[in-house]
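The values are calculated or read from the model by the stated rules, or taken from the named source; none is laboratory data. Predicted model only: the values in this text are computed from it and were never measured. All Cβ positions, even for glycine, are placed from backbone atoms using ideal geometry, and neighbour counts span all protein chains on display.
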């Protein structure tokens, strides 16, 4: 019975046949697909951002100890009279890396002259205006 009615309708209104066939997606299906894609892409972009931050952190914490060691080598090559505080950068080879060297006397409550000949050397390596900071402390025996 319904087949007969459909044939009559399609015969009388041929353009209705195009509307009656299920071709394409409904608006609800399209909106659901777009929302699923949006949720997936947001999580992928968030993971990508975290990966970039972790890579920058790892690069700093592998580079900074080597730069600090190079500054310690420079200090060790100087004589006792040339020891002094200082700060600066590492030039074009390591842009945005800065250092600060602080040399102080060691203070101790131990009796005697045990610490009179020791100098405390603090080296601070910073990256990108103190975004990352690496500190290293060492001591040097200085005969006066």
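Please work out if residue 68 is assigned to a helix (DSSP H, G or I) and in contact (Cβ under 8 Å) with a residue 60 or more places away in the chain.
Working: assigned to a helix (DSSP H, G or I): yes; in contact (Cβ under 8 Å) with a residue 60 or more places away in the chain: yes.
Against the criterion (assigned to a helix (DSSP H, G or I) and in contact (Cβ under 8 Å) with a residue 60 or more places away in the chain), residue 68 qualifies.
Go through (1) touching a helix residue (DSSP H, G or I) at 6+ places or on another chain (Cβ under 8 Å); (2) at pLDDT 80 or above one by one and return the number of the condition residue 10 breaks.
Here residue 10 meets the rest and fails (2).
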